[in-house]
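Derivation of every value follows stated rules applied to the coordinates shown; laboratory data play no part. All values derive from a computational prediction rather than experimental measurement. Every residue, glycine as well, gets a Cβ built from its backbone with ideal geometry; the counts of neighbours run over all protein chains shown.
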Amino acid sequence: MSNFEALKILGFDHLEFAVADIERAAESFLKLGFEKAGMRELRERELRSLLLVQNEVQIVLSHSTKGSDPIAAFVKAHGDGILNIAFRCEDAVSALEIAASRGATVLEPPRSYQKEAGTVHQAAIAAFGDVRHTLISRQGNLFAEGFDLSPRRPNKAMGFQRIDHVTCLVETGKIELWRNFYEKIFGLTSYSIENLTILESPRGGIRLPFCEPSTGGQEIQEHLDMNHGPGVEHAAFSSENLLESVQHWRKQGAKFLGVPSPYYETISKRFPGIVENVHELAEYGIMVDGDENGYLLQVFTGKLMGPFFLEAIQRKGATGFGEKNRSRSSD
């Protein structure tokens, strides 16, 4: 059994954002097709959370007025952003024990919550900067502490389907530190593409590209400065029909970065297997990249909160991350 298999991690579970204003933060996600699926209040933490879902993508927006709470502390230090990249496990308690034995710093020891809808077990360990990983397992349909009902999951062919990857930024000289961390603690494998170091589970259920200013340039340093330290640059959600999804999201008021028209002049030559109409891709700012396995389509929002943005991606065989497209979109 490999080091990753021992943890019995099934993949990404949810992303939790620490925010100063839940309603304002939710506006951008609602325009992108997310639906409100639950609310919670935890009085001892002076915390409120909103759960948003779209197919298998789960997002939690949390706000706390208690200065010592991790949510409030994160917002004070960094502004709005992703505090928690949660992993779904078969057994969160066992996963934490194994991670701790490998040297992980435990932020939250195992706890259990039970309601009529089911039981949740969760724990948390420290990651880069002030980001953490919650390890969570469930029996039944209860989402998490404080949520009374299981979230509705309308199955839509259009829109976001699941979390594809989460791109993380760290300071210059820290890539090797975090490569070693994820290899040792989680048993992830690593490889490099262009300016990215990819940490990935064996079947690709977890993908964490890492970048630092020495390889990513001034743009990465500017993000770190805006974020006041390392953190999540963007999250990418997969789509099975990106062109139709972007057309729909635009009608809902969502905005995406534009792409200079010369970019599309050589698309057909660079990617001869592409079946999409290049003029439509140009109209909606959808970019293309590829490798020996195929190609991918991707589009980026502008900054949604602080320096954070979202990516929508449709993979047609390609396993990369569109790294050649990072500098080609514009506000």
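Of all lysines in the structure, those lying under 26 Å Cα to Cα from LYS255, and not within fewer than 8 positions of it along the same chain, are LYS31, LYS36, LYS156, LYS303, LYS316, LYS324.
Summing charges over neighbours of LYS8, with a neighbour being any other residue whose Cβ is under 9 Å away from its Cβ, gives -3 when K and R count +1 and D and E count -1. Derived scalar couplings between HN and Hα for segment 5-21 equal 4, 4, 6, 6, 7, 8, x, 5, 9, 7, 10, 10, 9, 8, 9, 7, 9 Hz in order, rounded to whole Hz, by the Karplus curve 6.51 cos²θ - 1.76 cosθ + 1.60 (θ = phi - 60°), x for Gly and Pro.
Remark: the THR189-GLU23 segment gains 55.9 nm on full extension, using 0.36 nm per residue and subtracting the alpha carbon distance. Sorting 254-260, 164-170 by average packing, meaning the other beta carbons within 10 Å per residue, from highest down gives 164-170, 254-260. By the helix-only formula, in which each DSSP H run with n ≥ 4 contributes -39500 (n - 2.57) and the sum is divided by residues, the chain has a 222 nm mean residue ellipticity of -6500 deg cm²/dmol. Positive-end ranking of PRO262, ALA144, PRO272 along the dipole of the chain, with charges on Cβ about the Cα centre, is headed by ALA144. Taken one residue at a time, the phi angles of segment 102-114 give Karplus couplings (6.51, -1.76, 1.60, θ = phi - 60°) of 8, x, 5, 8, 7, 9, 9, x, x, 9, 10, 10, 10 Hz. Gly and Pro are set to x.
When the chain is described by a simple charge dipole with +1 on each Lys and Arg Cβ and -1 on each Asp and Glu Cβ, the residue from GLY118, SER64, GLN54 located farthest towards its positive end is GLY118. What is the Cα centroid distance between segment 23-101 and segment 154-213, reported in whole angstrom? Using only Cα atoms to place each centre, the spacing works out to 20 Å. Summarising the amide proton neighbourhood of LEU47: residues at separation of 5 or more, or on other chains, whose placed amide H is nearer than 5 Å comprise LEU42. The charge dipole of segment 52-159, taken about the Cα centre with unit charges on the Cβ atoms of Lys, Arg (+1) and Asp, Glu (-1), comes to about 200 debye, rounded to the nearest 20.
For the chain, take the longest principal axis of its alpha carbons; what is the angle in degrees between that and the long axis of helix 242-251, to the nearest 10 within 0 to 90? With both axes taken from Cα atoms, the answer is about 80 degrees. Summing Cβ point charges (Lys, Arg +1; Asp, Glu -1) relative to the Cα centre of the chain gives a dipole of roughly 520 debye. Distant-in-sequence amide contacts of LEU196, defined by a placed amide H-H separation under 5 Å and a gap of 5 or more residues or a different chain, comprise nothing. Annotation: amide H-H contacts under 5 Å for LEU10 (H modelled 1.01 Å from N, sequence separation of 5 or more, or interchain): ARG88, CYS89, GLU90.
Per-residue 3J(HN,Hα) values for segment 227-241, derived from phi via the Karplus relation 6.51 cos²θ - 1.76 cosθ + 1.60 with θ = phi - 60°, read 7, 6, x, x, x, 7, 6, 7, 10, 10, 10, 7, 9, 9, 8 Hz in sequence order (x marks Gly and Pro). Computed extension length for GLU176-GLU240: 19.6 nm, one decimal, from 0.36 nm per residue of separation with the Cα-Cα distance subtracted.
Beta bridges per DSSP, both residues in the chain: antiparallel share near 80 percent. Packing, as the average of other Cβ atoms within 10 Å across residues, places the peptides 263-270, 311-318 in the order 311-318, 263-270, highest first.
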